[in-house]
Structure formats: structure tokens, C-alpha cells
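Below is one structure, written out as C-alpha cells; the observations come after it.
The values are calculated or read from the model by the stated rules, or taken from the named source; none is laboratory data. As the structure is a prediction and not an experimental result, all values here were calculated from the model. Note that we place each Cβ from the backbone using ideal geometry, even for glycine, and neighbour counts take in every protein chain shown.
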Amino acid sequence: MRKYLMDTVLDLIYPSNIYCISCGKPINDNLPYALCDSCVRIINWTNQETCEVCGKPLRIGKRDRLCSDCQKRPRFFNRGFTCTRYGTLERDLIHRFKYHDQAYYGRKLADLMIERLKVEDLQVDIVLPVPMYKGKEKRRGYNQASLLAKNIAIYLEKPFNPGLLIRTTDTLPMSGLGITDRRDNIEGVFVVKKEKQREICGKAVLLVDDVFTTGSTADGCAKVLLKAGAVKVYVATFAAGIDPVESAL
Ligand SMILES: [Zn+2]
Ligand SMILES: [Zn+2]
């Protein structure tokens, strides 16, 4: 949180929207996003067919309305929305955001996600991030999902409460795991404490994360939120791999 505040202060002194967050070229600060014209053109917006449930982009020409994961099993969450298809540019942005101490990307990437969410006219009561294990968050200095969620909550003018849903243990990295292993890996990891359930009960929740792969993490969170009394759980992510999930994710 301290890092987030510091970034906000630094942003006032040295505005970060004068450089494209993707290629670093100087940009006009009155552009709607922190991306130059050519990066806006090459970013993989999810303007193609997407899965009707989880929102994952589908391969062009695929006739199904659902991705392969949603066909195999029902989701706990109601709908998923993703802003971009996970490609080279998106991967670089997320890596810089997560691993290179660039907390201010949270606001920039949230701006792009908001564009995607605007058209959906979602009715939500509260915005929550997919939580990070406490020790990990301490080491990194911030939870990237939390920074995205906070900025989306500000835009939607809805409460943001990162403490309601917690991650009790760190999980193994999901990459390389099949669907069943991913589900096992996440089982029992997320918790809403009894005394906090009141704040979830009867609410439509918007759950925010940076990347959507098979959706096992989002499902693990949604299951716990519904058990705590949430009436709906929507999931918003910055990027999602095309279906079926590419091995690079
Ligand atoms: Zn650029
Ligand atoms: Zn799907």
C-alpha cells in the first residue's frame, strides 16, 4: 500500500502517462490510455469471439459458444470478462507490472480493463482482488490484482475491500498443471473469515485478477464467496490465453 501511495505521489511530480507503457515512446498526455498509437493498434483486444461464460477468446472459426474448459464443467462464477488476449505485448506488460516493481502499471492497465467493463453495464456491489499469499505480497511489495481492483472500484464508485477474501497458503505455480491438478492445487486455499461473511452476504462481487488461464483460481475464489452468501460473482482480468490454453502461459 505504501508503494501504491508513493507511486501516486511520484506520478504527480513526474507524470507517468507521458511515455507509452509498452514501448516507452513519448506520448501525448491527453491520450485516453498510456499507450502510443502504434501499441494501441497492436495490442490484442478481445474483440473477437469469446466464451459466453468465462470470456476467454476463442480461436477464429470455432463454432462453439463455450471454451473447452467451460464445456467440461460448470463454473462457480457467473461471467468472466477479459480485456486482451495474452500475446507477447500483453505478457511483457504483465511481467513488468509483476516483477519489475512497476506498481503504477496498476492504474494504467485498470484503465484498459475499464474500457472492456464499460460496455457490460455490470451491477456489482463490491470489488475484490484475487488475494495473494501474505508473505509473497510482502516480498513483492504489492499484489498486482489488488492494484487493478482498487482502480476499477474507484471508477465504479464501489467499495474495495482486499481483506475480505484471503489466501491461506501459497500455491504451486499453475503453469504445467492439468485442470484437475489445478483444481486440487487451489482447494481450500481461499477463505472468507466467519466474522467477514456479513460483508459478502447478498452482494454481487466483481473479482479482479491480472491473468485468466483455465479459470481454476477464479473458480476457487467464487466457490468460497458464494458459500459466504454472495449472490453473483463476476470475474475481470487484463489478459486471457486463447482457448485451448497455450503452453506458454
Ligand atoms: Zn508504444
Ligand atoms: Zn469458457
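Cβ-Cβ under 8 Å, sequence separation 6+ or interchain: first residue in segment 16-39 and in contact (Cβ under 8 Å) with a residue 60 or more places away in the chain and surrounded by 14 or more Cβ atoms within 10 Å (Cβ to Cβ), partner part of a helix (DSSP H, G or I) and aromatic (Phe, Trp, Tyr). Which pairs?
Ile21/Tyr105
Taking Arg107 as the residue in question, decide whether it is in contact (Cβ under 8 Å) with a residue 40 or more places away in the chain, loosely packed, with under 14 Cβ neighbours inside 10 Å and either β-branched (Val, Ile, Thr) or farther than 20 Å from Lys223 by Cβ (or both). Give the derivation first.
Numbers: in contact (Cβ under 8 Å) with a residue 40 or more places away in the chain: yes; loosely packed, with under 14 Cβ neighbours inside 10 Å: no; either β-branched (Val, Ile, Thr) or farther than 20 Å from Lys223 by Cβ (or both): yes.
No; evaluated as a whole, the condition is false for this residue.
Pull up segment 110-139, narrow it to residues that are without any contact (Cβ under 8 Å) to a residue 40 or more places away in the chain and among the hydrophobic types (A, V, I, L, M, F, W, C), then point me to the one that is nearest to Cys36 (Cα to Cα).
In this case the residue turns out to be Val119.
Name the single residue, out of those in segment 46-61 being touching a residue at least 24 places away in the same chain (Cβ under 8 Å), farther than 27 Å from Val224 by Cα and surrounded by 16 or more Cβ atoms within 10 Å (Cβ to Cβ), that is nearest to ligand 1 (Cβ to nearest atom).
Going through the qualifying residues, I end up with Thr46.
When you scan segment 115-153, how many residues do you find that are more than 24 Å from His95 (Cα to Cα) and outside any loop (DSSP other than H, G, I, E, B)? Steps first, answer last, please.
First, pick out the residues of segment 115-153 that are more than 24 Å from His95 (Cα to Cα): 118-126.
After this cut, where a residue has to be outside any loop (DSSP other than H, G, I, E, B) as well, the list is 118, 126.
Looking only at that region, the number is 2.
Can you find, within segment 39-84, the residue that is modelled with the highest pLDDT among those that are among the hydroxyl-bearing types (Ser, Thr, Tyr) and within 11 Å of ligand 2 (Cβ to nearest atom)? Please lay out each step first, then the result.
Step one: of segment 39-84, the residues among the hydroxyl-bearing types (Ser, Thr, Tyr) are 46, 50, 68, 82, 84.
Filter once more, keeping what is within 11 Å of ligand 2 (Cβ to nearest atom): 50, 68, 82.
Working: Thr50: 93, Ser68: 90, Thr82: 96.
The selected residue is Thr82.
If you take the residues of segment 67-104 that are among the aromatic types (Phe, Trp, Tyr) and within 20 Å of Asn47 (Cα to Cα), which of them is surrounded by the most Cβ atoms within 10 Å (Cβ to Cβ)? Step through it out loud before you land on a result.
Applying the first criterion (among the aromatic types (Phe, Trp, Tyr)) to segment 67-104 yields 76-77, 81, 86, 97, 99, 104.
After this cut, where a residue has to be within 20 Å of Asn47 (Cα to Cα) as well, the list is 81, 86.
Working: Phe81: 21, Tyr86: 25.
Filtering segment 67-104 for residues that are among the aromatic types (Phe, Trp, Tyr) and within 20 Å of Asn47 (Cα to Cα), the one surrounded by the most Cβ atoms within 10 Å (Cβ to Cβ) comes out as Tyr86.
Does Leu66 fit the bill of being hydrophobic (A, V, I, L, M, F, W, C) and either within 16 Å of ligand 1 (Cβ to nearest atom) or closer than 11 Å to Val208 by Cβ (or both)?
Working: hydrophobic (A, V, I, L, M, F, W, C): yes; either within 16 Å of ligand 1 (Cβ to nearest atom) or closer than 11 Å to Val208 by Cβ (or both): no.
When the stated conditions are applied, Leu66 does not pass them.
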